[in-house]
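Engineer: Submitted below is the structure of interest, expressed as structure tokens.
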Amino acid sequence: MAKRRPSSGRWLQEHHDDPYVLQARKEGYRSRAAYKLLEIDKELQTKHGKKAALLRPGMTVVDLGAAPGGWSQVAAKLIGKTGRVVAVDLLPIEPIVGAVVVQGDFLEEAVLKEVTKALEPQSMADLVLSDMAPNMSGFKSADMARGELLAEAAYAFIAQVLEPGGAAVIKLFQGSEFHEMVKHARTMFAKVKVVKPKASRARSAEHYLIGLGYKN
Ligand SMILES: C[S@@+](CC[C@H](N)C(=O)[O-])C[C@H]1O[C@@H](n2cnc3c(N)ncnc32)[C@H](O)[C@@H]1O
């Protein structure tokens, strides 16, 4: 998540007035980010019908960079009691009904093992979500490089656990590797889209890659 100086009056004011922050508070979501995933899912259904829903009952979902838990809350609600969510973050996550939490650095082998263990017995997932973002240092090229590393780790994980036909939503930053990352995703999925949900702040370089129909 972007690092903020506590004195940043502009951020505080903006956060205070943000309609998504207010809506999240009212609807019990832990972060305004929840509306990005809801919007992505809704948009797919509007364009391609209900069958195209990203989150369906009974699915196994992995949520990378899940804290404080907005996306996992949305996923747990939509996949219902027969589904399961594995939520991963460096930071602690308050328990979410229907989700298993793994705390640690996803770039570490031991954490990756813990996540795959949480997916047993099949050790496969129907949907991989990644909203992972580095702590922003303010040095644009270094921040972009760290963002790319996280997205690459998500791609590698997809190759390891995603069911053929499965889907993914991955946060990508518009840095030097952006087009290469999108191009590579096209070799992995039958359909790839890049979106910038309304709930994503305009000044943020983040975009979301949606991959549908994993080709294995
Ligand atoms: C934008 S926030 C995620 C918000 C979340 N999707 C939600 O709905 O509440 C990005 C998260 O990525 C996490 N993150 C960054 N690098 C990570 C890493 N190497 N391993 C695990 N989590 C990481 C951060 O700790 C942060 O909580």
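The values are calculated or read from the model by the stated rules, or taken from the named source; none is laboratory data. Values in this document were obtained by computation on a predicted structure and should not be read as measured data. Cβ placement follows ideal geometry from the backbone for every residue including glycine, while neighbour counts extend to all protein chains displayed.
Engineer: Looking at (1) away from the ligand (no atom under 12 Å from the Cβ); (2) within 23 Å of Val192 (Cβ to Cβ); (3) among the β-branched types (Val, Ile, Thr), which is the only condition Val97 fails?
Structural biologist: Here Val97 clears every test but (2).
Engineer: Turning to a different aspect of this structure: Before we move on, is Ala76 more than 10 Å from the ligand (Cβ to nearest atom), surrounded by fewer than 18 Cβ atoms within 10 Å (Cβ to Cβ) and at pLDDT 95 or above? Break it down stepwise before answering.
Structural biologist: Numbers: more than 10 Å from the ligand (Cβ to nearest atom): yes; surrounded by fewer than 18 Cβ atoms within 10 Å (Cβ to Cβ): no; at pLDDT 95 or above: yes.
Answer is no for this residue.
Engineer: Additional query: Give the range 24-42 a look and list any residue that's within 19 Å of Tyr208 (Cβ to Cβ) and part of a helix (DSSP H, G or I), or say none.
Structural biologist: Hits for the range 24-42 are Ala24, Ala34, Tyr35, Lys36, Leu37, Leu38, Glu39, Ile40, Asp41, Lys42.
Engineer: Under 8 Å between Cβ atoms, which residue pairs at least 6 apart in sequence (or on different chains) link something in the range 184-209 that is in contact (Cβ under 8 Å) with a residue 60 or more places away in the chain with a partner that is β-branched (Val, Ile, Thr)?
Structural biologist: Final answer for the pair search is Val195/Ile40; Val195/Ile210; Pro197/Ile40; Tyr208/Ile40; Tyr208/Val169; Tyr208/Ile170; Tyr208/Val194; Tyr208/Val195.
Engineer: Find the strands (runs of 3 or more DSSP E) located wholly in the range 161-216 whose residues include 1 or more that are closer than 15 Å to Leu127 by Cβ and modelled with pLDDT under 95, and list them. Full working, then the answer.
Structural biologist: Numbers: elements: 162-173, 189-195, 206-214.
Correct list: empty, since no element meets the threshold.
Engineer: Considering the range 50-68 alone, what residues qualify as being out of contact with any Leu (no Cβ under 9 Å at 6 or more places or on another chain) and at pLDDT 95 or above?
Structural biologist: Filtering the range 50-68 for residues out of contact with any Leu (no Cβ under 9 Å at 6 or more places or on another chain) gives 50-51, 58.
Listed by number, the list holds a single entry, Gly58.
Engineer: Right, next: Of everything in the range 38-70, what is among the acidic types (Asp, Glu) and within 14 Å of Val101 (Cβ to Cβ)? Give them in sequence order. Walk me through how you get there before you give the answer.
Structural biologist: To start, the set of residues in the range 38-70 that are among the acidic types (Asp, Glu) comprises 39, 41, 43, 63.
Hit for the range 38-70 is Asp63, nothing else.
So that you can scan it fast, the table gives a plain yes or no per residue for (1) farther than 22 Å from Val74 by Cβ; (2) away from the ligand (no atom under 13 Å from the Cβ); (3) among the aliphatic types (A, V, I, L, M):
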site: Glu114; (1), (2), (3): yes, no, no
site: Asp131; (1), (2), (3): no, no, no
site: Val169; (1), (2), (3): no, no, yes
site: His184; (1), (2), (3): yes, yes, no
site: Thr187; (1), (2), (3): yes, yes, no
site: Lys193; (1), (2), (3): no, yes, no
site: Lys215; (1), (2), (3): yes, yes, no
